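Taking it in order: structure first as structure tokens, then the write-up.
Only the coordinates and a few stated rules stand behind these numbers; no lab work does. Keep in mind that what you see is a predicted model, and the values were worked out from it rather than measured. All Cβ positions, even for glycine, are placed from backbone atoms using ideal geometry, and neighbour counts span all protein chains on display.
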Ligand code: FRU
């Protein structure tokens, strides 16, 4: 049946078939959330990039649409963004029918093969029918290249204070910020990051937006930068900076490197332009360049994360970027019963649950020392745990199922979880066939990882690893309905 292949996610976005990587062109317009994505329609490995396309009214149920952008004489279509040009500043539409404009990187693979450095340029395309059909701008590329090897992934947004379009563009080891009044002519205004942040790999897929600090009138700007390699648990990951943006220049407030998600499988994530109610909604690609081309699926490859709401909260002495599944997700989570579970020191509670492979488990506890194991009848197990002595949460998928398609896949992942407030906090684990997404304290800490058990996990074991009584409140596992 439809979408019934082994490991096929049931409520995460996947293409019907073939290769997918980064989310692109996330924009809301006239009741529709658009999701474009890096797509290679000929194979299940990376190849000449197109923009695949899907639409949704709620970010949970998706309609597959025809491919939006095909490679042309300027190159493959790499990652980028899309905007609603409401005032028709580009002149590509009319005032009555303002255009959607996509801004993307052209990757000229012939020039790359010739050993040149200037093979990535920026182009635009527009749609006058809310994304159904696209026309490339005849003046492409709108930004050329004077010899920067990695020069890509334009994120454009409207900046109200300066009444200008701003473009974030990565250039190898740093970010460039450009300005325009019409989306066609661009001027570089500043650079950021040569001396800041993690630099284990090239900078990719930038995003930047203003968020209110919850409970205050104060706002801060948040900059997202994906890097590959150089993530804390290996390969690809997304760091963030909190700071200020004066319309031209971004300055960071922070001293240490920070990551939006500590799992190995949340990369190249960016947020929606023009989302209703000023919400900041993030979607990432649920894979890692270490093994993205080798994961054990056949018809399609890889999925997007659940859409997550981003927020800023002051917790302890830190400002934290919070990411938590959007409210609409609750529509497909069945209402289950909740109970209290009490576990003696060094004891465990075994919870058989048939639907564990496609579920949403939640509880609150004040314990900071426990282990959670998802198991199946083949003795395959996914181990997770929190340890207050080291102040870390970990995921061990070394015996979780299919693991030998690439050597890095079995590495244990850890995340410092050392700034949790005292008292009860929520632990939430969402599984969908071949993924697990962990949210601690409503998204103060998150970890996303792929797993490929040979049969469904159907038993959850919680062990109290502290020397005090462990109490789980409102413990429940809910099945999640498929959306296809
Ligand atoms: C990130 C990335 C981008 C690039 C795209 C190519 O995963 O490497 O920098 O535009 O993928 O598919």
Per the C-alpha gyration tensor (a ≥ b ≥ c, the square roots of its eigenvalues), segment 1-122 is rounded if a/c is under 1.5, else prolate if a/b beats b/c, else oblate; here it's oblate
Compactness summary of segment 295-381: radius of gyration and Dmax from Cα atoms, Å, are 17.3, 47
Long-range alpha-carbon pairs in segment 126-275, meaning those over 17 Å apart, account in percent for 65
From the Cα centre of segment 297-325 to that of segment 90-167, the distance in Å is 27
Computed on Cα atoms only, the convex hull of segment 69-144 has an orientation-averaged projected area in nm² of 4.9
Mean 1/r over distinct Cα pairs of segment 229-323, inverted to a Kirkwood Rh in Å, yields 15.2
In nm, the gap between the two label points placed 7 Å beyond Cα toward Cβ at residue 418 and residue 86 is 4.4
For segment 273-334, inverting the pair-averaged 1/r of distinct alpha-carbon atoms gives a Kirkwood value in Å of 14.4
Applying the gyration tensor rule to the Cα atoms of segment 283-438 (axes a ≥ b ≥ c; rounded if a/c under 1.5, else prolate if a/b exceeds b/c, else oblate), the class is rounded
CD proxy, 222 nm, the chain: helix-only mean residue ellipticity via -39,500 (n - 2.57) per DSSP H run with n ≥ 4, per residue, nearest 500, stands at 0 deg cm²/dmol
Classified through the alpha carbon gyration tensor (a ≥ b ≥ c as square roots of its eigenvalues; rounded if a/c is under 1.5, else prolate when a/b is larger than b/c, else oblate), segment 335-411 comes out oblate
Mean separation of Cα contacts under 8 Å (at least 6 apart) over the residue count of segment 207-334, i.e. the relative contact order in percent, is 18
Long-range alpha-carbon pairs in segment 365-450, meaning those over 20 Å apart, account in percent for 33
Footprinting proxy, 175, 211: sorted fewest to most Cβ within 10 Å, the residues are 211, 175
Cα-based Rg/(2.2 N^0.38 Å) for segment 140-182, rounded to two decimals, is 1.22
Rg/Rh over Cα atoms for segment 40-84, Kirkwood Rh, comes to 1.01
With bins of 10 Å, the percent of all Cα-Cα pairs of segment 431-472 per bin from 0 is 21, 38, 36, 6
For 164-171, 382-389, ranked highest to lowest by mean beta-carbon neighbours within 10 Å, the order is 164-171, 382-389
Cα-based Debye curve of the chain sampled at q = 0.06, 0.08, 0.10 Å⁻¹ gives log₁₀ I(q)/I(0) of -0.26, -0.46, -0.73
